[in-house]
Amino acid sequence: MTDSPTYSHLLSPLKIGNVTVRNRLMQTAHAKGFHAGNGLTNDRDIYYQAERAKGGIGLIVTGARHTHPHSTGPGRTLARGNREEIIERDREMCRAVQAHGGRIVAQLIHFGPQGRSGALDDYRVLWAPSTMKSPAYNEWAKEMTKAEMDEVSEHFSLTARYSKEAGFDGVELHYSHGYLHQQFLSFVYNKRTDEYGGSLENIVRFPIETLQRVRDEVGPDFMVGIRVSMDECTVDGMHADQAIEMTRLMVRTGLVDYVSATAGTYAAHADQIPPGDYPENWLVKDGARMRQAIREEADIPMFIVGHIVDPKEADDLVAHGAADMVAMTRTQIADPEFANKLRDGREDEINHCIRCNQACIARLMVGNAISCVVNPAAGRERRFGAHTLTPAASPAHWLVIGGGPAGMKAALVLRQRGHRVTLVEAGERLGGQLNLAARLPRREKFGFLPRDLERQLRKAGVDIQLNTRLDADQVAAFGADGVIVATGSRPLKTGFTSTRPAVDRVPGMDQDNVLSVVEVLENPDAVGRRVVLFDEDGGRYALGTAEFLLDRGHQVHLVSRFNALSPNLALTLDLPVNYRHVFEKGLEYTINSWVRSVDGQRAQLFNLFTDRDSQTLEADHFVIAAGHAAENTLYQSLQGRVSTLHCIGDALLPRPLQDVIYEGMLAGREMLDDPDRFIEQGELESFDHDWRETLGTQAQ
Ligand code: SF4
């Protein structure tokens, strides 16, 4: 007998139009950066989607697909659903998902003003309901003519036809997040004085015309849904009351099979993909109101999103009728088997999303394909998906030294492949720097990762030895067949900045009142009231520590060598929420500057562009956020003393979390010495039907 929850509501089937979905768990459309310039579906897409269908998800919505030549994205990596050549490839993707019991819907979009005129090899004019400037890319978009609107609706219907021919279970019209149709639905951006602007009835006219054209094309039996923003999340923007009334009007047409509710526009980008700083279930209250309004208009389901991470709460939402399906997208990027693990009572095996936005969003923002910090196979399923984990050819005894994320991941994968594994950690707990990261404000979900890995390590039978520091003689005497050193790193306190590479050490950095961020987080009581924090990191490491100290009543002045405060947060979408917190809490800061010297309680700053001395700041303690140096002494002293020896993670070179966990996975797969370990450009984006064999399915 098990007393774990059964999730009977979340895991119950749902009928949408003529389609029955096996459960109420869905993956919303999300850009993945998988399309290699030609806009056509490829194996990378197919493996990604099939992995999640195999893992038990009910409904998958593809990433947004362009429907019209004037629709451009920020880059060249989105699908172009209006290209007829995509049908053959989409057919393979639909089969791959449906063969595993999942359902898949194609999301159709016109990016409107949120595209980039130069994203493709020619230049395309951006279209909008009224002439406006995009908050995303600072480009102007022109007011559309009626003929152009008709053309867009026609292309939506053409793309819907291609989608139906390819075998999708339905299409979803993207009417949210600031794209073309949502801008028509916004009184902030739609300033038209014709029959498409000025009143609720008018602003829904174009979206309804597009819906009608699509419905006319696909017929009454093909699923057609809409995705709507419940809130623009901007000052004086559209809020839930208005969104509910607009949605009522669209649902009342009888053309819609489901409504997928979300929030945000490009002026509030983070609200579309909230980082862990947001409260959980933040859209649920308005969503329940929208659910009720829809129920009053038609008997169709509504889906909800919004930082929903707890399956029990998701189950309750369905049970109480607040939503009919729950989107947990990043949850399933992090763990494609999430649904099956809930179904099978294997919750202790779930790899939780830590809401970092580091590998899924930030990679996309710089033009790379998405992956996941906790799941390095994400986006690389063809190479590293579940079907690729093979038992060890010769089971052996491995010693892994260091229980940080890289060491834990290596130990787990080695064990999963049948090796005997001993993991030793010098400290009293596993997790390494993750335990410190989880102490930063609103970063507690970072604690999921060491907890998940430790639970799985123990369940898998890895011998974990805490408070154990081995020297080279002890390692050699241990007699393991293979040794992996993952001893991490130590914080740099030299004051080095890459903007002054000739200065290895800033005078005064050896004073007792100069601390690293690590020392502050480990022993905050030792920090004086006045703090000056030097940021050579540009990310959450520095700004989060500043807020941590502000919360404890310190007076904090952050000196940044960057030309904006913590610029890296723009990529992980946690910049607005963190700016709001630190500004409200009184952070002082100086940008474009660095420290010339520290003398007692005084730091002399200088401007990085003029090289002239600027302010002098006084503080009780100076704190450095300037990265780490590899802690590899043990590795060096083991050279030639053990037959198989690897150094991984920060001990090799301090790097972002996703890099070291990926490396831990490679170590666990014994691929570090494999000449084929590198994924060559374009390798994952081929299109060759391989999935049929490797995923254990037959084309129908
Ligand atoms: Fe979640 Fe981070 Fe993975 Fe994105 S990269 S899915 S936020 S754990």
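A compact table of results
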| quantity | calculated |
| --- | --- |
| Leading residue by the ranking (modelled with the highest pLDDT) among those in the range 229-263 that are surrounded by fewer than 24 Cβ atoms within 10 Å (Cβ to Cβ) and more than 21 Å from Pro301 (Cα to Cα) | His239 |
| Positions within the range 457-466 being part of a helix (DSSP H, G or I), within 14 Å of Val424 (Cα to Cα) and of a type in the set (A, V, I, L, M, F, W, C), in sequence order | Leu457 |
| Residue list for the range 649-682, filter: within 21 Å of Ala36 (Cα to Cα) and touching a residue at least 12 places away in the same chain (Cβ under 8 Å) | Ile679, Gly682 |
| Gly101 vs. criteria in contact with a helix residue (DSSP H, G or I) (Cβ under 9 Å, 6 or more places away or on another chain), open to solvent by 10 Å² or more (accessible area, probe 1.4 Å), assigned to a loop (DSSP other than H, G, I, E, B) and closer than 27 Å to Asp221 by Cβ | yes |
| Residue under evaluation Gly649, criteria (1) at positive phi; (2) more than 26 Å from the chain's Cα centre (by Cα); (3) buried (at least 18 other Cβ atoms within 10 Å of the Cβ), criterion not met | (2) |
| Any strands (runs of 3 or more DSSP E) falling wholly within the range 516-635 and containing at least 3 residues that are surrounded by 21 or more Cβ atoms within 10 Å (Cβ to Cβ) and small (Gly, Ala, Ser) | none |
| Those residues of the range 351-403 which are open to solvent by 40 Å² or more (accessible area, probe 1.4 Å), touching a Ser or Thr at 6+ places or on another chain (Cβ under 9 Å) and of a type in the set (A, V, I, L, M), in sequence order | Leu364, Met365 |
| Inter-residue pairs, beta-carbon under 6 Å, first of a type in the set (Gly, Ala, Ser) and in the range 332-351, second more than 16 Å from the ligand (Cβ to nearest atom), 6+ apart | Ala339/Gly56; Gly345/Thr2; Gly345/Ser4 |
| Positions within the range 175-188 being open to solvent by 10 Å² or more (accessible area, probe 1.4 Å) and under 24 Å from the mean Cα position of the chain (by Cα), in sequence order | His177, Tyr179 |
| The range 434-456 residues that are part of a loop (DSSP other than H, G, I, E, B), paired with ones that are of a type in the set (Lys, Arg) (beta carbon under 8 Å, 6 or more apart) | Ala438/Lys445; Leu440/Arg540; Arg443/Arg540 |
| Given (1) under 15 Å from Val462 (Cβ atoms); (2) crowded, with 24+ Cβ neighbours inside 10 Å; (3) more than 16 Å from the ligand (Cβ to nearest atom), number of the condition Lys409 does not satisfy | (3) |
| Condition check for Pro69: within 28 Å of Ile304 (Cα to Cα), surrounded by fewer than 19 Cβ atoms within 10 Å (Cβ to Cβ) and not polar (S, T, N, Q) | no |
| Scan of the range 652-698 for residues that are modelled with pLDDT under 95, open to solvent by 30 Å² or more (accessible area, probe 1.4 Å) and either assigned to a helix (DSSP H, G or I) or of a type in the set (Lys, Arg) (or both), ordered by number | Arg677, Glu683, Glu685, Arg692, Glu693, Thr694 |
| Inter-residue pairs, beta-carbon under 6 Å, first assigned to a strand (DSSP E or B) and in the range 476-502, second polar (S, T, N, Q) and at pLDDT 95 or above, 6+ apart | Gly482/Thr644; Pro491/Ser516 |
| Number of the condition not met by Phe156 [criteria: (1) modelled with pLDDT under 95; (2) touching a helix residue (DSSP H, G or I) at 6+ places or on another chain (Cβ under 7 Å)] | (1) |
| Index of the failed condition, Lys191 passing every other in (1) outside any loop (DSSP other than H, G, I, E, B); (2) in contact with a strand residue (DSSP E or B) (Cβ under 9 Å, 6 or more places away or on another chain); (3) open to solvent by 60 Å² or more (accessible area, probe 1.4 Å) | (1) |
| Filtered residues of the range 210-226 (kept if open to solvent by 10 Å² or more (accessible area, probe 1.4 Å) and either more than 13 Å from Phe156 (Cβ to Cβ) or at pLDDT below 95 (or both)) | Gly219, Pro220, Asp221, Phe222 |
| Qualifying position, being over 23 Å from the mean Cα position of the chain (by Cα) and at pLDDT 95 or above, among Ala327, Ala334, Ala314, Ala298 | Ala298 |
| When residues of the range 112-135 are limited to those that are in a loop (DSSP other than H, G, I, E, B) and open to solvent by less than 10 Å² (accessible area, probe 1.4 Å), the one farthest from His30 (Cα to Cα) | Ser130 |
| Number of the condition not met by Gly37 [criteria: (1) more than 24 Å from Val259 (Cβ to Cβ); (2) at pLDDT 95 or above; (3) open to solvent by 10 Å² or more (accessible area, probe 1.4 Å)] | (2) |
| Residue in the range 189-212 that is hydroxyl-bearing (Ser, Thr, Tyr) and within 17 Å of Gly287 (Cα to Cα) present | no |
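Conditions (1) closer than 21 Å to Val514 by Cα; (2) in the same structural domain as Val483 (by TED's automatic domain parsing); (3) over 35 Å from the mean Cα position of the chain (by Cα), marked per residue:
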position	(1), (2), (3)
Thr590	yes, no, no
Val595	yes, no, no
Val598	yes, no, yes
Gln601	yes, no, yes
Gln604	yes, no, yes
Ser614	yes, no, yes
Phe622	yes, no, no
Gln636	no, yes, yes
Gln639	no, yes, yes
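The values are calculated or read from the model by the stated rules, or taken from the named source; none is laboratory data. None of these values were measured; they are calculated from a predicted model. Note that we place each Cβ from the backbone using ideal geometry, even for glycine, and neighbour counts take in every protein chain shown. Note: areas computed on protein heavy atoms with side chains; ligands, DNA, RNA excluded. Shrake-Rupley method; radii C 1.70, N 1.55, O 1.52, S 1.80 Å.
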